[in-house]
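Structure record follows, encoded as structure tokens.
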Amino acid sequence: MNIKALKAFWKKEEEAAHIHGWDFSHIHGRYEEEQDLPWDYEKIVRQYLKSDLDILDYDTGGGEFLLSLGHPFERTSATEGYGPNVKLCRETLLPLGIHFKECTDPSKVPYEDKTFDIIINRHGDFDARECFRLLKKGGIFITEQVGGDNDRDLAERVLPGTQKPFPHLNLKEQQNVFEAAGFQILRGEEAYRPIRFYDVGAFVWFARIIEWEFPGFSVEKCFDRLLNMQEEIERAGRIEGTIHRFLLVAEK
């Protein structure tokens, strides 16, 4: 183990930790997650999608998933609040005729009451009462969410004692929230699955990107703990943590 060379490499990964849209291609092949979820989010969305329905993708990221659905652009709307992604969406979605609006507050979505037949949301923010307002009667809200226990074991390894950023994000609590808002729950599932990193540099990049789960993380601050991870990779070929996901489908 050449400690000096490792540190230099990890610092390069730290400096490179910027993304365009929600693009993790920088560490493609160096980590894996969501390989074995018990549901298929895209398949579920397509189950409800029909060409004459008005849909909204809240927190669309760079619009990548939304575009993959191939829904008629004139019946497609999207919001996003993260500055670089807002710019990207304006450049890619608006010219297609998709109705895109910047939105940083899920409780104040800039669309009229009863506008949509379907609202989809993958790993984004949401407000149950606002979704209820935006949907037509019989409208469907579909979300796959990152749960509050996500990556907790990895965060503890490098930043012991770190508080959960979103402790309320779990299936049971959110089902209650949506029922209280007036929804009927059609489907709810929850899963814990492995996330694996095959080099520490990939983990460094990841931890810097997912800064809300790893607040204050840096190579300098966590160097000794990263060395422990390196030893584990040299011994076992990988480091492993646990992701937390839940799926919710609700009808107005």
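The values are calculated or read from the model by the stated rules, or taken from the named source; none is laboratory data. No experiment lies behind these values; they were computed from the predicted model shown. We place every Cβ from the backbone using ideal geometry, glycine too, and count neighbours over all the protein chains shown. When the accessible area is computed, the model is the full protein with side chains, heavy atoms only, and any ligands, DNA or RNA have been set aside. Shrake-Rupley method; radii C 1.70, N 1.55, O 1.52, S 1.80 Å.
Computed values, structure above
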{"item": "Under 22 Å from Lys43, Cα to Cα: lysines that are on another chain or at least 8 residues apart", "result": "Lys252"}
{"item": "Cβ charges +1 (Lys, Arg) and -1 (Asp, Glu), total dipole of the chain, debye", "result": "100 debye"}
{"item": "Filtered chymotrypsin sites (Phe, Trp or Tyr not before Pro), the range 197-252: DSSP coil and at most 13 other beta carbons within 10 Å", "result": "Trp212"}
{"item": "Amide H contacts under 5 Å for Ala78, placed H, 5+ residues apart", "result": "Asp57, His99, Phe100, Lys101"}
{"item": "Above-threshold pairs, the threshold being 24 Å between Cα atoms, out of Lys101/Lys136; Lys50/Lys137; Lys50/Lys136; Lys137/Lys164", "result": "Lys137/Lys164"}
{"item": "Formal net charge of residues neighbouring Leu171 (Cβ-Cβ distance under 14 Å; K, R +1; D, E -1)", "result": "-3"}
{"item": "Under 19 Å from Lys7, Cα to Cα: aspartates and glutamates that are on another chain or at least 8 residues apart", "result": "Glu15, Asp199, Glu220, Asp224, Glu231, Glu232, Glu234"}
{"item": "Given (1) 61, 39, 28; (2) 54, 43, 32; (3) 52, 49, 40, the label whose value is Cα extents along the principal axes in Å derived from this model", "result": "(1)"}
{"item": "Low-density loop cleavage sites - trypsin sites (Lys or Arg not before Pro) in the range 145-221, where at most 15 other Cβ are within 10 Å (DSSP)", "result": "Lys221"}
{"item": "Rounded accessible area per residue of the range 33-104, 1.4 Å, Å²", "result": "50 Å²"}
{"item": "Nearest-10 value in Å² for the accessible area of His123, using the 1.4 Å probe", "result": "60 Å²"}
